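> Structure incoming, see below.
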Amino acid sequence: MNEKLETIMLQAGYRKMPSNTPEFTIYIAGDMSRAQVVQVIDLKRGQQFSIQQFNYIKQYTIDIFKYKGYQDMHLLTLIITEKTDEIKELSLTETACWMIDTTNNRVCIYENQISDFYGLRGKLENLWSSSNHIDGSQFEKKYFHYNKMPPSGFLRKNFSQINFCIIIVNIVVFMIPLLFLLGSEEDVNFMIAKGAMYWPSIVTDHEYYRFFTCIFLHFGIEHLASNMIVLYFLGDNLERAVGRIKYLIIYLSSGISGSVCSFLFFSMANEEVASVGASGAIFGVIGALLYVVIRNKGKLEEMTTFRIIILIGYFIFSGLTNESIDNAAHLGGLVAGFIISVLLYRKESVERS
């Protein structure tokens, strides 16, 4: 295990620091102004390990780099163990502490912990072949992600539950009128009655719920499909980066912000337009991704700053050349997503000396 781990770390650009203790290894990447540090604690021989001991080792590592003059140090701890249950409580106290379970050959990451560390997660998970089977029922699903990696592509990524649920909700909301013959979702009057963003109803009848309900409505199957495809491929990236709860907050807040901007634009223009769609929320996801990628040195999984900027430019151009697109909602969602991510997202694995 240690030999495989060392190979992975060296291939990832880390340097191994000398150590007189075989159970304790430090790998470092970066320079004096910014360093990524991974400390490996090997407990697979069954040693006892307390929270006090962990805190002592963690502080000792921080002090070493502080003494050497490192200005910005980001720290991740890897605990190699055969007994994950005994280390669980310790790991729950740390956001930047993963376990390597040698019994089941997998990386264990709790929900409250960082989802990645400069792309290291995928490399660690690929330590083991796809022939290793993990029975998730043996572990506490409340806390763990279960990583049995399929062979290739986006299917290798962890299942993004909130993003998937949002997509299902949008599909269900769209299908109900069709199944029960309630009306046509291409009929503007029907969509207004169903909860579209329609500023006269908000101003006259105080139907403020429309700011929320319009996010889950779509004008026809093409409108729904295009939005859900984009959300599927972008939403899961953001959810893995920020976590489930923060992702949900970003999505809903951006969608509502987009609705508010749409309301302000059309009411001031005195245009009685019915607006629906998840695109305001999706633009919020894109805006949040932009900030998260920037904070991660311009790269997050397959996303880069350049790609996101090109994507934003394409969508804005499409909106400006199509009169049926609610550009106010798009812009409002984009800005809101970026701002909310600034408030919610904390760069992974930060330990400052």
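Coordinate-derived values only; no laboratory data. Bear in mind that the values here come from a model prediction, so they are computed numbers and not experimental data. Every residue, glycine as well, gets a Cβ built from its backbone with ideal geometry; the counts of neighbours run over all protein chains shown.
> Could you sort 185-191, 309-315 so that the peptide with the highest average Cβ count within 10 Å comes first and the rest follow in order?
185-191, 309-315
> Here is a follow-up. Treating the angle as unsigned and between 0 and 90°, give the value, to the nearest 10°, between the Cα long axis of helix 305-320 and the longest Cα principal axis of the chain.
Its long axis makes an angle of about 0 degrees.
> Read through the labelled values (i) 27, 47, 23, 3; (ii) 31, 57, 12, 0; (iii) 29, 53, 17, 1 and report the label of the one computed as P(r) over Cα pairs in 20 Å bins from 0, in percent from the structure.
(i)
> Suppose each label sits 7 Å from its Cα in the direction of the beta carbon; what would the residue 89-residue 184 distance come out to in nanometres?
With each label placed 7 Å out from Cα toward Cβ, I get 6.5 nm.
> Just for the chain, what percent of DSSP beta bridges are antiparallel, to the closest 5?
Working: 18 of 31 bridges.
Of all bridge pairs located within the chain, approximately 60 percent are antiparallel.
> Let me ask something additional. Going by alpha carbons, how many degrees (0 to 90, nearest 10) lie between the helix axis of 327-344 and the longest principal axis of the chain?
30 degrees
> Along the charge dipole of the chain, pointing to its positive end and built from +1/-1 on Cβ of Lys, Arg, Asp and Glu, which listed residue (206, 268, 118) has its Cα farthest out?
Result: 118, furthest along the dipole toward the positive end.
> For each pair in 83/246; 88/297; 246/297, compute the distance between the two Cα atoms and list the pairs where it is over 28 Å.
In this structure, 83/246; 88/297 lie more than 28 Å apart at Cα.
> Expected output is a single nm value to one decimal: the length gained when fully extending between residue 320 and residue 59, i.e. 0.36 nm times separation in residues minus the C-alpha distance. What is it?
Gain in length upon complete extension: 88.6 nm.
> Sticking with this structure for a sec: Counting other Cβ atoms within 10 Å, keep those with at most 14, restrict to DSSP loop, and tell me which trypsin sites (Lys or Arg not before Pro) in region 5-41 are left.
Numbers: sites: 15, 16, 34; in loops: 34.
Counting only loop positions with at most 14 other Cβ atoms within 10 Å, the trypsin sites (Lys or Arg not before Pro) in region 5-41 are 34.
> Determine the relative contact order of the chain: mean sequence separation of Cα pairs under 8 Å and six or more apart, normalised by residue count, in whole percent.
Numbers: 549 pairs, mean separation 54.1, N = 353.
It rounds to 15 percent for the chain.
> Taking the Cα centre of region 161-344 as the origin, how large is its charge dipole in debye, to the nearest 20, when only Lys and Arg (+1) and Asp and Glu (-1) carry charge on their Cβ atoms?
The calculated dipole for region 161-344 is roughly 920 debye.
> Where does helix 161-179 land angle-wise versus the long Cα axis of the chain, in degrees 0 to 90, nearest 10?
That helix lies at roughly 20 degrees to the long axis.
> Also, quick follow-up: Which aspartates and glutamates, if any, have their Cα less than 14 Å from the Cα of residue 299, not counting same-chain residues under 8 positions apart?
Straight-line reach from residue 299, under 14 Å: 116, 348.
> Rounded to a whole number of µm²/s, how large is the Stokes-Einstein D of region 161-344 at 37 °C and 0.692 mPa s, given Rh as the Kirkwood radius over C-alpha pairs? Before the final figure, lay out the partial values.
On the way: Rh = 16.5 Å.
After rounding, the answer is 199 µm²/s.
> For q = 0.11, 0.18, 0.23 Å⁻¹, what log10 I(q)/I(0) does region 230-320 give under the Debye formula with an equal point scatterer on each alpha carbon and no solvent?
At q = 0.11, 0.18, 0.23 Å⁻¹ the computed log10 ratios are -0.34, -0.82, -1.16.
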